[in-house]
Amino acid sequence: MTEILSVHGAKKSYGAVKALRGADLVVEEGEVHALCGDNGAGKSTLIKLVSGVENPDGGEIAVRGEKVRLSNPHAALAAGIATIHQDLGLAPGMMIYQNIFMGSELQKHLLGIPVLDRSAMIAKSQEFLVSLNSVMRDMKARVENLSGGQRQAVAICRALRWKAEIIIMDEPTAALGVRETEEVIKLIRRLKENGVTVILISHSMHDVTAVADRVTILRNGRTQISRSTAGLTPEKLSELIVEGGTDEDDPD
Amino acid sequence: MRGFVAKYGTALAGLAVLVFFLFFARNFASSANILNILKHATFLTILATGFTFALLTSELDLSFANLASLAAVVTGGLIAGGTAWPLAALAGLGIASAGGLANGILVTAIKVPSLITTLGTAAIANGIAFMITGGVAFVGRWDPLFLSLARGKFFGVPVLIFFMLGVVFIAWFVTKQTKLGVHMLATGEAQEAAHRAGIATSRMKLIGLTLSGVTAGIAAVLLVANLSSAAPQMAGDYLLNGIAAVLLGMTMFEPGRPNVAGTFVGALIISVLGNGLVLFGAPYYLQDIMLGVIVIASVSVSASVLKKAAFSV
C-alpha cells in the first residue's frame, strides 16, 4: 500500500488555545481511515488543515509523498481532497443534478454562446449515483425531498465530480436514523470498492468498527494511537479514546 | 393537481380577470386601451425584471423606481439642453446602472443590508433628480426619432412591445440557460453552500443589484420618450407596482422563487387589474389597496422561501 496523505507534526493554535500540538496522520491509498477522539482532541482542526480551510502553524502535509501547501479549499480540491461537512453544503431547494454540478456546471455552445448542458449534467449525475449503487430516478428532484442517506450520496457525487481521490466525511451519520446510517455505511464501502480513499470523522464507535480499515485517535492535540481496526470492538475503541491507551504503533 | 394549481393558479386567475374585463368593462377592449395597458405593462415589466435579478440573489432593491426617475431627468435634461438624444439616452442608462452598481458595492463590500442601502440610494437619487430639475419638468421639442422609441410601430406592432419582449427573453435566457443564472440562483438559495462550491456569491449579488439599475435606465429612457417630458418622481409609482409584480410572479411557475416568466405575467396582471378597475369606475385609491393586498398575499403564499431570504433583514 502507498501513502496517499500524510500529516506530520501539525501544530495550530487559536490565541492561547493549542488545538494541535504536533499531530500525525498517515492515510494509505484506498483505505477507509477513521479519525477519532473526544471533543476538543483536535479532529476538526486537523481536518480544517487538510481541507485548506485553515493554515497550520507548523508541520508538513504531503499528498502521494509530495509536500503540498493547502492554503485554501481550492488548493485542497486541486490536490484531490474534497471535504463533505456535516451540513453537506447542499442547496435544499435546488435539483439533484444542480447540486452535484454546483459551481462547475457543464456547458455547451448554442450559436457560439455558452449555455448550460442539462442533459449531459443529468446523465453524468445518474452515472455518479449508479457508481454508488444509489437509486434516484429523477435528477430534477429537489434535494429537500431526499432522505438523509440520499443527500449524503448527492454530496459524495459532487466530490466525485471534482475528481476527488480523498473524500473527508465529517460526522456523516451524526444526524441520521438507524436505517439511514446503514445507507451511509454502504456508500462508504462502495466508495472504497471504487478505489476512493475515505477519511471518516466519527463519534460513532459502531460506524468506525463497521467500516474503517484503520483508525487514528487524537488526544489533546496529539496523535495517541494509529492502528488497524482488526479485532477492535466498539467497546475497546471507546476505551482507547477515553483512557488514551498506550502509544502503540500500528502492527503492520 | 395541487402542483398544477401552485404553478399556474395565479396565471389562470389573471386570465379570468382579463376575460371578465373584456366582457364587462366598457371600452376595455378598445385598441387604444389595450395599447395603454401594454405600455404600462412594458415599463412595469422592464423595471420588475431587474428587481427579479436582485431578489434572485436574495437582495432587495427599493431604489429602482427613483433611479429610473433620476435617469429620466438626466436624459430629458440633456436633450433639453441640446445634447444629441442617443448620447442623452446613454447617459440616463449609465447613471441608473451606476446607481445599481453603487448598491451592489455597498451591499457586498461594505456589508450594509440591501434594504437599508437601497432605501438610502433611493432617497439620494430622488434628491439629485429634484436638484437637476429644480423641481419642474423638462418639456419641449424632442427629436421624433427619439419619441418613436416609445410611440413608433414596427409592422403595425408598437415598438415598446419589442423592448418588453426583448428584455424578458434576455432575462429568461440568462436565468435559465446560463451558468451566471444558475450561480445567481444558488447564491440566493444557499449562499454558504454556493460559496463553498466555488461560486463568487458576492459578485453574483453585485451583478443582481447592478442589473436592477440597468433595467431602471432602460425603462427611464422609454418613459421619457413616451411622455415627451421628464420630471422627478415620474417613475415613483412603479416601485410598489414592480415589487408587486415580482412577488405575484413568485406564486407562479416556480412557486416561492423569483422567476422571469412569473414577473412578466405578474406585471401583465397588475397592468390589466389597474386599468380595468379605473374603467370600472373604481376610485383611484383602490389601486393602492389592491397592490398592498397583492404584496402581502403573494408573500404569505410563497413564505417558505422568503422567510430565509431578503425579507428577513
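The values are calculated or read from the model by the stated rules, or taken from the named source; none is laboratory data. Note that the coordinates shown come from a computational prediction; the quantities given were computed from them, not determined experimentally. All Cβ positions, even for glycine, are placed from backbone atoms using ideal geometry, and neighbour counts span all protein chains on display.
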(message) I'd like the residue in segment B:224-236 that is under 18 Å from the mean Cα position of the chain (by Cα) and buried (at least 23 other Cβ atoms within 10 Å of the Cβ) and, out of all such residues, is nearest to the other protein chains (Cβ to nearest Cβ).
(response) B:225
(message) Quick check on my filter: what residues within segment B:109-122 are touching a residue at least 12 places away in the same chain (Cβ under 8 Å) and over 22 Å from the mean Cα position of the chain (by Cα)?
(response) B:109
(message) Would you confirm whether or not segment A:113-124 contains a residue that is more than 10 Å from chain B (Cβ to nearest Cβ), farther than 20 Å from residue A:20 by Cα and touching a Ser or Thr at 6+ places or on another chain (Cβ under 8 Å)?
(response) no
(request) Can you give me the number of residues within segment A:165-188 that are assigned to a helix (DSSP H, G or I) and in contact (Cβ under 8 Å) with a residue 60 or more places away in the chain? (result) 1
(message) For segment A:15-32, give me each residue that is at pLDDT 90 or above and more than 18 Å from residue A:60 (Cβ to Cβ).
(response) A:29, A:30, A:31, A:32
(message) Considering only residues that are under 20 Å from residue A:241 (Cβ atoms) and out of contact with any strand residue (DSSP E or B) (no Cβ under 6 Å at 6 or more places or on another chain), which ones fall in segment A:178-201?
(response) A:181, A:185
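Which members of segment B:14-58 meet the condition of being small (Gly, Ala, Ser), surrounded by fewer than 24 Cβ atoms within 10 Å (Cβ to Cβ), touching a residue at least 40 places away in the same chain (Cβ under 8 Å) and outside any helix (DSSP H, G or I)? Write out each step before concluding.
To start, the set of residues in segment B:14-58 that are small (Gly, Ala, Ser) comprises B:14, B:16, B:25, B:29-32, B:41, B:48, B:50, B:54, B:58.
Narrowing further to those that are surrounded by fewer than 24 Cβ atoms within 10 Å (Cβ to Cβ): B:14, B:16, B:25, B:29-32.
Filter again for touching a residue at least 40 places away in the same chain (Cβ under 8 Å), leaving B:14, B:25.
If the condition is that a residue be small (Gly, Ala, Ser), surrounded by fewer than 24 Cβ atoms within 10 Å (Cβ to Cβ), touching a residue at least 40 places away in the same chain (Cβ under 8 Å) and outside any helix (DSSP H, G or I), then B:25 is the only one that fits.
Yes or no, residue by residue, for (1) in contact (Cβ under 8 Å) with a residue 40 or more places away in the chain; (2) of a type in the set (D, E, K, R); (3) crowded, with 18+ Cβ neighbours inside 10 Å:
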position: A:112; (1), (2), (3): no, no, no
position: A:120; (1), (2), (3): no, no, no
position: A:128; (1), (2), (3): no, no, yes
position: A:144; (1), (2), (3): yes, yes, no
position: A:154; (1), (2), (3): yes, no, yes
position: A:163; (1), (2), (3): yes, yes, no
position: A:192; (1), (2), (3): yes, yes, no
position: A:201; (1), (2), (3): yes, no, yes
(request) Could you pull out the residue among B:262, B:266, B:242 that is more than 20 Å from residue B:160 (Cβ to Cβ), touching a residue at least 12 places away in the same chain (Cβ under 8 Å) and buried (at least 24 other Cβ atoms within 10 Å of the Cβ)? (result) B:262
(request) Looking for whichever is out of contact with any Phe, Trp or Tyr (no Cβ under 9 Å at 6 or more places or on another chain), more than 30 Å from residue A:97 (Cα to Cα) and charged (D, E, K, R) here; the options are B:153, B:205, B:176. Which one fits? (result) B:153
(message) Which of the strands (runs of 3 or more DSSP E) found entirely inside segment A:28-108 contain at least 1 residues meeting this: within 14 Å of another protein chain (Cβ to nearest Cβ) and either in contact with a Lys or Arg (Cβ under 8 Å, 6 or more places away or on another chain) or touching a residue at least 40 places away in the same chain (Cβ under 8 Å) (or both)?
(response) A:81-84
(request) Take segment A:13-60 and flag every residue that is more than 24 Å from residue A:238 (Cβ to Cβ), of a type in the set (S, T, N, Q) and crowded, with 20+ Cβ neighbours inside 10 Å. (result) A:51
(request) Kindly establish whether residue B:87 is of a type in the set (A, V, I, L, M) and either surrounded by 14 or more Cβ atoms within 10 Å (Cβ to Cβ) or closer than 30 Å to residue B:195 by Cα (or both). (result) no
(request) Can you give me the number of residues within segment B:106-158 that are over 25 Å from residue B:34 (Cβ atoms) and of a type in the set (Lys, Arg)? (result) 2
(request) Can you tell me which residue within segment B:247-270, out of those that are more than 14 Å from chain A (Cβ to nearest Cβ) and part of a loop (DSSP other than H, G, I, E, B), is farthest from the chain's Cα centre (by Cα)? (result) B:253
(request) Would you point out which residue out of B:208, B:292 is farther than 30 Å from residue B:140 by Cα, of a type outside the set (S, T, N, Q) and in contact with an Asp or Glu (Cβ under 7 Å, 6 or more places away or on another chain)? (result) B:208
(message) For the structure I just gave you, tell me whether residue B:311 is at pLDDT 90 or above and of a type in the set (Phe, Trp, Tyr).
(response) no
(message) One residue is enough: does segment A:211-231 have a residue meeting the conditions surrounded by fewer than 16 Cβ atoms within 10 Å (Cβ to Cβ), in the same structural domain as residue A:4 (by TED's automatic domain parsing), at pLDDT below 90 and not in a loop (DSSP other than H, G, I, E, B)?
(response) yes
